[in-house]
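Engineer: Here it is: the structure, laid out below.
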Amino acid sequence: MKSQTLRKLHRWTGLACALGLLMASTSGILHVVMTWTQSAPPPATPAETIDPARVRVGPAEALARLGPTPGPVAAVSIRMISGEPWWQFLAGAPATPRYVSAVDGRLDPARDAVYAAEIASRYLGGGPVRWTRRLDAYDREYIPIFRLLPVHRVEADDAKGTRLYVSTLTGSVARHTDNGRQREADLFSILHKYQFIPAKAWRDGLLVAVTSMMFATALGGVGLFFLTRKRTSP
């Protein structure tokens, strides 16, 4: 290929890659900024102390209260919720937390949401919160990097729009965000992951294509340098 043709090809592919390079460099800067402004996923917090004297219903009896066909039991824990010990069974398919009082054996289908709100309130230092919904799949705000599912979305009534994603299986907050933090995260997703494209297959394809073009353009620039540099006589 002639050097003039290579130069023109490199110029136009470089122009096509300019937008991708600007997006990548901006998201790289934003990624560093986010390490200053956004905290990492919070660590699991220790469970509250349980008084064994208050546990009057054993795990076998509590499991029987779930009915004759609770499904396979993946895990059994005891949790302090509203000052009372509760057996937490991860049972069924898909596995779902179910609760039986360790005091009197009663079932409470709403106990998982109550527990999530208590975890969130404790994380915020005892402030008032409200449970909004349970997530069994990732969405645009709670994305796969946070890993834990299912989680409960719990919101605080403050000016920042604070919201917490809580795992009752680990007894901890999986993600803490607010309006300002989420704007940063959304911008990063748009620039770095092309989140403005709804279909994942098209989004990933464009990312690969743009990155490949940037690689080819850089490689072409190196080749152009050696092809067009002036030769010096020995």
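Engineer: Based on what the data block shows, is T132 among the hydroxyl-bearing types (S, T, Y) and modelled with pLDDT under 95? Explain how you work it out, then say what you get.
Structural biologist: Working: among the hydroxyl-bearing types (S, T, Y): yes; modelled with pLDDT under 95: no.
No, not satisfied.
Engineer: List the residue pairs whose Cβ atoms are under 7 Å apart, where the first residue sits in region 61-87 and is touching a residue at least 12 places away in the same chain (Cβ under 8 Å) and within 21 Å of I50 (Cβ to Cβ), the second is of a type in the set (K, R) and open to solvent by 40 Å² or more (accessible area, probe 1.4 Å), and the two are 6 or more positions apart or on different chains.
Structural biologist: L66/R98; P85/R54
Engineer: While we're looking at this one, here's another question. Residues that are within 19 Å of H152 (Cβ to Cβ) and hydrophobic (A, V, I, L, M, F, W, C): list the strands (runs of 3 or more DSSP E) wholly contained in region 70-124 that include at least 1 such residues. First the steps, then the outcome.
Structural biologist: Numbers: elements: 73-81, 84-91, 96-101.
By residue number, 73-81, 84-91.
Engineer: Out of region 188-202, which residues are surrounded by 14 or more Cβ atoms within 10 Å (Cβ to Cβ) and over 16 Å from D139 (Cα atoms)?
Structural biologist: Across region 188-202, the qualifying residues are L191, H192.
Engineer: Another one. Would you confirm, using the coordinates I've provided, whether A62 is in contact with a Gly (Cβ under 7 Å, 6 or more places away or on another chain), modelled with pLDDT of 90 or more and among the aliphatic types (A, V, I, L, M)? Even if it seems obvious, please write down each step before you answer.
Structural biologist: On the way: in contact with a Gly (Cβ under 7 Å, 6 or more places away or on another chain): yes; modelled with pLDDT of 90 or more: yes; among the aliphatic types (A, V, I, L, M): yes.
Yes: the conditions hold for A62.
Engineer: Pairs, please: C-beta under 7 Å, at least 6 apart or cross-chain, first residue modelled with pLDDT of 85 or more and acidic (D, E) and in region 175-203, second open to solvent by 70 Å² or more (accessible area, probe 1.4 Å) and in a loop (DSSP other than H, G, I, E, B)?
Structural biologist: Final answer for the pair search is D178/K160.
Engineer: On to the next question. Could you identify the single residue in R98, R153 that is touching a strand residue (DSSP E or B) at 6+ places or on another chain (Cβ under 8 Å), over 23 Å from R175 (Cβ atoms) and free of Cβ contacts under 8 Å to residues at least 60 places away in the same chain? Break it down into steps so the answer makes sense when it comes.
Structural biologist: Values: R153 fails: over 23 Å from R175 (Cβ atoms).
Going through R98, R153 in turn, just one is touching a strand residue (DSSP E or B) at 6+ places or on another chain (Cβ under 8 Å), over 23 Å from R175 (Cβ atoms) and free of Cβ contacts under 8 Å to residues at least 60 places away in the same chain: R98.
The values are calculated or read from the model by the stated rules, or taken from the named source; none is laboratory data. None of these values were measured; they are calculated from a predicted model. Methodologically, a virtual Cβ is constructed for each residue, glycine included, from the backbone with ideal geometry; neighbour enumeration extends over all protein chains shown. Heavy atoms of the whole protein, side chains included, go into the accessibility calculation; ligands, DNA and RNA do not. Shrake-Rupley method; radii C 1.70, N 1.55, O 1.52, S 1.80 Å.
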